[in-house]
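Visitor: Before I ask anything, let me first share the structure, which is written out below as structure tokens.
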Amino acid sequence: MLQIGEVAKKMAITTVAIRHYEKLGLIRSNRGINDYRLYDEHAVARLKFIENAKKVGLTLSQIKSLLDLEGQPTSFRVKNTIEKKRLEIKAKIKALQEIYYVLDAWDKACDGAMPTSQCPILAQLYQDNQKDTGDSNAQ
């Protein structure tokens, strides 16, 4: 059994993150005599699972769903979750490529030496026919 600080150091994550995961039900701790959180190897293994899943872009909700599927007779729902995430990432890549092509065209259109009043980038930004790239949060 490891205390929260030991787990945090071993996993290179913060104690705040560990407490958050516990609050969400992703991991469990036991309480020692001094009421300190104590984590067994199963909790540490689940933390590794969580960190690896986050590295491939899974949300904590998706991670919880996958953890909840442990012990199911087939991996159908696990595969389904990954397929959905893959399609989500593919759509994001497409949106980012569209943004890239717009920015690339703007970069080529402006030499950086012309007066700003003649800058085609600024002129494009004033037009109301900009193609929606799917990133409405880029304000």
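The values are calculated or read from the model by the stated rules, or taken from the named source; none is laboratory data. The structure presented is a predicted model; accordingly, all values stated were derived computationally and were not measured. Heads up, the Cβs are rebuilt from the backbone with ideal geometry, glycines too, and the neighbour counts pull from every protein chain shown. In case anyone asks, the SASA skips ligands and DNA or RNA and just uses the protein heavy atoms, side chains included. Shrake-Rupley method; radii C 1.70, N 1.55, O 1.52, S 1.80 Å.
Visitor: Using a 1.4 Å probe on the protein chains only, how many percent of the accessible area of the chain belongs to carbon and sulfur?
Guide: Exposed carbon and sulfur together represent 55 percent of the surface.
Visitor: A further question on this structure: Excluding residue 81 itself, calculate the net charge of residues whose Cβ lies under 12 Å from the Cβ of residue 81, where each Lys or Arg counts +1 and each Asp or Glu counts -1.
Guide: Summing Lys and Arg as +1 and Asp and Glu as -1 gives +3.
Visitor: If you take the beta carbon distance between residue 79 and residue 14 as r and set R0 to 35 Å, what does 1/(1 + (r/R0)^6) give as a FRET efficiency, to the nearest 0.05?
Guide: In this case the efficiency is close to 0.65.
Visitor: Here's something else I'd like to know. Taking only protein heavy atoms and a 1.4 Å probe, what accessible area per residue, in Å², does the chain have with all protein chains in place?
Guide: 75 Å²
Visitor: Working from the pairwise distances between different alpha carbons, so that the mean of 1/r is found and then inverted, what is segment 76-118's Kirkwood radius in Å?
Guide: Evaluated over segment 76-118, this radius sits at 13.1 Å.
Visitor: Another question, if that's okay. For a Förster distance of 41 Å, can you work out the FRET efficiency between the beta-carbons of residue 45 and residue 105, rounded to the nearest 0.05?
Guide: Efficiency computed from Cβ-Cβ geometry: 0.25.
Visitor: Past 20 Å, Cα to Cα: identify those pairs from 10/84; 10/64; 23/64, in the order given.
Guide: Pairs exceeding 20 Å: 10/84; 10/64.
Visitor: Taking springs between alpha-carbon atoms closer than 10 angstrom, which of 52, 80, 34 fluctuates most in the Gaussian network model of the chain?
Guide: 34
Visitor: Could you work out how much longer the chain between residue 3 and residue 90 gets when fully extended? Use 0.36 nm per residue separation minus the Cα distance between them, nm to one decimal.
Guide: Between residue 3 and residue 90, full extension yields an extra 27.3 nm.
Visitor: Hey, another quick one. Only Cα pairs within less than 10 Å get springs; with that Gaussian network setup on the chain, which residue of 78, 16, 56 has the largest fluctuation?
Guide: Checking each option, the largest mean-square fluctuation is seen for 16.
Visitor: Place a +1 charge on the Cβ of each Lys and Arg in the chain and a -1 charge on the Cβ of each Asp and Glu, then give the dipole magnitude about the Cα centre in debye, rounded to the nearest 20.
Guide: Around 680 debye, computed over the chain.
Visitor: Spin-label point model (7 Å from Cα, Cβ direction): what's the residue 118 to residue 36 distance in nm?
Guide: 7.1 nm
Visitor: OK, next. Specify the residue with the greatest mean-square fluctuation among 33, 13, 82, computed from a Gaussian network of the chain linking alpha-carbon atoms under 10 Å apart.
Guide: Maximum among the listed residues: 33.
Visitor: For segment 1-120, take the convex hull of the Cα atoms, compute a quarter of its surface area, and give me that in nm², please.
Guide: Projected over every direction and averaged, the Cα hull of segment 1-120 covers 12.0 nm².
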